[in-house]
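Worksheet: the structure to be examined is printed underneath.
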Amino acid sequence: MKKSTGVVALVVALAAVYGGSTWYMGQKTEELVREKVAEFNTVAAEKLKQSGIDGKVTMAVVEYKRGAFSSDARYVISIAGQQDQEKPLELTFDDKISHGPLPLAALQQGSFAPVAAMSHSTLVKTKDTEGWFKLTGDKTPLWADTLVGFDGAVDSTTHFEAIKNQGDTVKVEFSGGQLRAKAGGKSDDILVSGNFPSLLVDDIGEDPLKLQAANFVLDFKQIGDINVDGTQTSKLSVDNVQFQTPESEGFSFKQIVADTDSVSKASLNDTKVRYVFADMMFENKLNLGSAELVMNLNSLYVPALSALSTLVSDPAFEEKVDNDDPQLTQQLLDQVLVALEHKPVLGIDPLRWYNAQGETKATLNVNLQKPTASAAELQQNPEMWLQAIPSAQLTLSVSKPMLRDVAAQLDKAEGTAPQEGAAAMLDMMLEAAVQPYVESKLLKQDEKTVSTEIKYLGADQVFDINGQRFTTKDLMGLVLMSMM
């Protein structure tokens with residue numbers, strides 16, 4: 001046999017095998033698509049319920065045409081509002097699915113790993129989306145390329161088209177960007193990352209406002225089931241944020257960051273949430289420094305919180321509350337008591353406002369527990385809810401140099417002489433406001449700080465302030481005297 005004949009035979013054999021495998025994978029792909037759509041609907045319902053968000057999100061396969069090497073599908077995602085009479089928003093997607101094990105579309109993109117399928121989905125222009133298409137110059141605003149593994153694992157990159165539109169009252173310029181999501185086929189693990197370089201919205205309507213921001217970055221990671229046993233971390237940051245009006249340069253921030261760390265074990269969740277506002281500037285003249293808020297929520301019992309969320313998200317919730325519905329009241333009370341059984345701890349550590357000269361800082365820690373009083377007693381005597389707080393602590397430290405620096409900048413921005421402006425008045429105002437409470441030892445001060453430490457001792461229902469113990473009645477009287 002000639003070599004050329006052997007090569008042709010090999011090619012024919014490979015084509016036969018590949019054609020047979022893609023035909024088989026085409027059948028499996030349709031099953032997988034319908035399975036993923038059902039999974040989407042289940043997960044969407046669960047997430048909306050857990051988040052307490054009203055409405056309903058569903059996906060449906062409205063058309064599926066299977067071929068030998070590829071298939072065409074059309075999906076509709078319906079987003080319904082809280083009110084049943086509202087017409088749902090419908091997003092229609094056309095999907096070109098290239099069958100595995102070696103999808104031609106994936107090979108063309110340089111991906112040679114065997115997968116079940118690769119899909120290319122694009123948003124379709126409809127009455128519900130024609131406004132979006134107008135903003136993108138009639139280009140599809142949204143499309144996604146997705147690899148689906150044999151185990152159902154998904155690796156998807158969603159692309160957002162750039163927008164440059166000048167309307168009668170609003171100008172919008174959006175760079176576009178990408179969002180990548182990876183989800184395990186047989187696990188609850190999820191990875192999401194995204195980047196959007198720039199955004200400009202200039203509204204010259206009745207309430208003019210100009211917003212500019214750059215470098216939106218999103219990172220999200222979930223390992224396991226966060227509602228039972230798992231971890232979740234997320235970070236969202238945006239740079240050079242500016243809010244302006246025709247009359248004012250407004251506020252600007254060098255960076256805004258929001259990040260979360262959450263761990264669940266045996267349905268008990270510990271969560272840390274952090275917000276940072278870096279280099280806050282007012283009118284491009286007054287540097288207000290930076291601010292940070294860190295909240296700690298520990299020993300939260302997820303099933304009770306989910307049940308409370310479900311009750312609150314009921315469209316009839318407000319009406320039931322207004323009518324003092326006894327069944328709802330009992331349900332809410334039952335779930336609150338279940339949550340308190342696990343002794344949750346709520347904290348702020350820290351809340352900071354700082355600049356180069358110093359920082360003003362506060363911390364708060366509140367321990368909670370299930371009251372010893374019965375549910376009936378709690379309903380009849382609301383003051384018994386104090387049993388739910390065995391202890392709490394607040395610390396506060398105010399930096400005088402930091403405040404003096406802000407006041408000096410304010411004088412400079414307004415063109416006021418230092419001896420006549422806010423800086424000159426600050427110490428006098430601080431002294432007048434603080435000194436009565438220093439004399440009663442509710443506050444402490446030195447050259448640089450004004451501070452206090454307040455502890456609540458639930459067993460005795462007394463406050464310990466800087467080492468002094470007060471009943472609630474005594475404390476209120478002392479505060480009123482200091483104000484006179």
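Worth a mention:
- Helix 400-414 axis versus longest C-alpha principal axis of the chain: approximately 80°, rounded to the nearest ten.
- Hull-based mean projected area of the chain, where the convex hull spans the alpha carbons, in square nanometres: 33.6
- For the residue pairs Lys65/Lys139; Lys127/Lys254; Lys36/Lys127; Lys36/Lys235, alpha carbon separations beyond 30 Å are given by Lys127/Lys254.
- A simple spin-label model places the labels of Asp229 and Arg274 2.8 nm from each other, with each point 7 Å out along Cα-to-Cβ.
- Taking the C-alpha atoms only, the angle from helix 3-51 to the longest principal axis of the chain is near 30 degrees.
- Mean Cα-pair separation over length for region 165-308, i.e. relative contact order, pairs under 8 Å, 6 or more apart, %: 15
- Note: relative contact order over region 285-484, using C-alpha pairs below 8 Å and six or more positions apart, is 17 percent.
- Helical contribution to [θ] at 222 nm, DSSP H n ≥ 4, -39,500 (n - 2.57), averaged over the chain, rounded to 500: -9500 deg cm²/dmol
- What the phi angles of region 186-193 give under the Karplus curve with 6.51, -1.76 and 1.60, with θ = phi - 60°, is a coupling list of 10, 9, 9, 5, 9, 10, 9, 9 Hz, glycine and proline written as x.
- Sites Thr416 and Asp219 - FRET efficiency at Förster radius 60 Å, r taken between beta-carbons, to 0.05: 0.85
- Options Leu297, Thr363, Ala375, ranked by Cα towards positive dipole end of the chain, top entry (Cβ charges): Leu297
- The simple spin-label model puts a point 7 Å past each Cα toward its Cβ; for Leu89 and Arg66 those points are separated by 3.4 nm.
- Mean Cα-pair separation over length for the chain, i.e. relative contact order, pairs under 8 Å, 6 or more apart, %: 6
- One decimal place: the segment Ile79-Thr157 gains 25.9 nm when fully extended, by the rule 0.36 nm per residue minus the C-alpha distance.
- Estimated FRET transfer efficiency when R0 is 41 angstrom, pair Gln331-Ala459 (beta carbons, to 0.05): 0.85
- The angle separating the long axis of helix 472-483 from the principal Cα axis of greatest extent in the chain is about 70 degrees.
- Near Asp270: Cβ cut-off under 13 Å, other residues only, Lys/Arg at +1 and Asp/Glu at -1. The net charge is +1.
- Surrounding net charge for Val336, when Lys and Arg each add one and Asp and Glu each subtract one, Cβ distance under 15 Å: -1
- Extension gain (nm, one decimal) between Lys47 and Thr169, 0.36 nm per residue minus Cα-Cα: 40.3 nm
- For region 285-484, the number of Lys pairs separated by eight or more positions or lying on different chains, with C-alpha atoms closer than 14 Å, is 6.
- When only the Cβ of Lys, Arg, Asp and Glu is charged (+1, +1, -1, -1), the dipole of region 285-484 relative to its Cα centre reaches about 660 debye.
- Computed label-point distance, nm, for sites Val338 and Ser440 using a 7 Å Cα→Cβ extension: 4.4
- C-alpha center-to-center spacing [region 407-441, region 168-234] in angstrom: 42
Rule-based calculations on the coordinates, nothing more; no lab input. Remember, predicted model here, so these are calculated numbers, not experimental data. We place every Cβ from the backbone using ideal geometry, glycine too, and count neighbours over all the protein chains shown.
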